[in-house]
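Every number in this text was worked out from the coordinates using simple rules, so none of it is lab data. Quick caveat: nothing in here was measured; it's all calculated off a predicted structure. Note that each Cβ is placed from the backbone with ideal geometry, even for glycine, and that neighbours are counted across all protein chains shown.
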Amino acid sequence: MPELPEVETVRRTLSQLITGKQIDRVTVSLPRILQKPDDPLVFAAQLEGRTFQSVERRGKFLRLVMDGLVLVSHLRMEGRYGLFDSETLPEKHTHVIFHFTDGTELRYKDVRQFGTMHLFMPGEELQAPPLNKLGLEPLEEGFTLEVFRRALGKRSTKIKPLLLNQEVVVGLGNIYVDEALHMAGIHPETSANELKRKEQELLHLAIVETLSAAVEAGGSSIKSYVNGQGEMGLFQHSLKAYGRTGEPCLNCGNLIEKSVVGGRGTHICPKCQKQPHNNISKSDSNSMNTLKQRNNKVKDRLDGLDN
């Protein structure tokens, strides 16, 4: 399933491809993708004549903003958007086509057919499902250490499933939780309320660093993910823990192990990520300083990409 870096990459690509394009008509071949309204004829009628003004993101959801409407889209397992010339035959599993007045088409393809689309009046989408209960955005300025600490609170939930909870922090999936916990040196079975203050700071920095670097690399193409132009992400070549079972840890040389935490396959270094109830070593202070420096550099590069 695409996580925050992949969805953010799709957002940036689509923003370049469809902003300013006007919809002539819409065709839907798989009605169950439509959640609001669920009638394909009503859905198409509401979109006819609309112009895409911007493409935004909230967690793992895309917000395609038009004049008078917002389309909230979730890609789920394998959903993808692409811009094509109308003369190009649609690929198999293309379920929704936005026909533009300039002869191009935005096509939504979904092999697994789990994606969803909702239409809202502007502003209403943030007050109703599926966006109204989403948690903190980890790449926004408001994601400060103190805000993160409050979100963790006194929860006794294991830290990995807690980070996967989209009502706490949005956009984190299995790949980036494993990577952030490895970078921070925290065992995924550690209860959130057992984290020391320095561990909280390390984890906060690791989340921002991991996601920022992944966005810069265009996401991770672990399975079928590509951006709106059909290009693969490259962050999978930088993974330190996820998918590296039996390979040496790049920090210490111990072999990466795989287990199940909260029902999810989990990758750890047993030396770098000690079982709960271990104090932070002096080396953690060095790790924190290194993370801060790297985080600042990545943020500068990301700012350059947006400008």
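Can you give me the long-range amide H partners of G173? Hydrogens built in the peptide plane at 1.01 Å from N, cutoff under 5 Å, separation of 5 or more residues or another chain.
L4
Could you please report the charge total around G171, scoring K, R as +1 and D, E as -1 over all other residues with beta-carbon less than 11 angstrom from its beta-carbon? Numbers along the way, then the final one.
Details: positive: R57, R58, K60; negative: E3, E6, E8, E137, E140.
Value of the local net charge: -2.
Under 8 Å for C-alpha pairs, at least 6 residues apart: give me the relative contact order for region 4-127, rounded to a whole percent.
Once normalised by length, the contact order is 29 percent.
What does the C-alpha gyration tensor say about the overall shape of region 84-170? Classify as rounded when a/c is under 1.5, otherwise prolate if a/b is larger than b/c, or oblate.
Taking the square roots of the gyration eigenvalues as a ≥ b ≥ c, region 84-170 is prolate.
Net charge around G79, counting only other residues with Cβ within less than 12 Å of its Cβ (Lys, Arg = +1; Asp, Glu = -1)? Kindly include the intermediate steps, with their values, before the conclusion.
Details: positive: K60, R76, R80, R107, K109, R112; negative: E6, E78, D110.
Residues close to G79 contribute a combined charge of +3.
Distance in nm between label sites at S259 and E141, each 7 Å beyond Cα in the beta-carbon direction?
Result for the modelled spin labels: 4.1 nm.
Roughly what % of Cα-Cα distances in region 43-129 sit above 14 Å, to the whole percent?
On the way: 2460 of 3741 pairs.
Counting every Cα pair in region 43-129, those more than 14 Å apart make up 66 percent.
Given a Förster distance of 35 Å, report the FRET efficiency between N193 and H237 from their Cβ-Cβ distance, rounded to the nearest 0.05.
Numbers: r = 36 Å, r/R0 = 1.02.
FRET efficiency, N193 to H237: 0.45.
Of the cross-linked pairs K133/K198; K60/K274; K109/K160; K198/K240; K196/K274, which ones have a Cα-Cα span greater than 20 Å in the structure shown?
With Cα atoms farther than 20 Å apart: K133/K198; K60/K274; K109/K160; K198/K240.
Rounded to whole Hz and in sequence order, give me ³J(HN,Hα) for region 53-59 from the Karplus expression 6.51 cos²θ - 1.76 cosθ + 1.60, θ = phi - 60°, writing x for Gly and Pro.
Each residue's phi maps through the Karplus curve to give 9, 6, 10, 10, 9, 9, x Hz.
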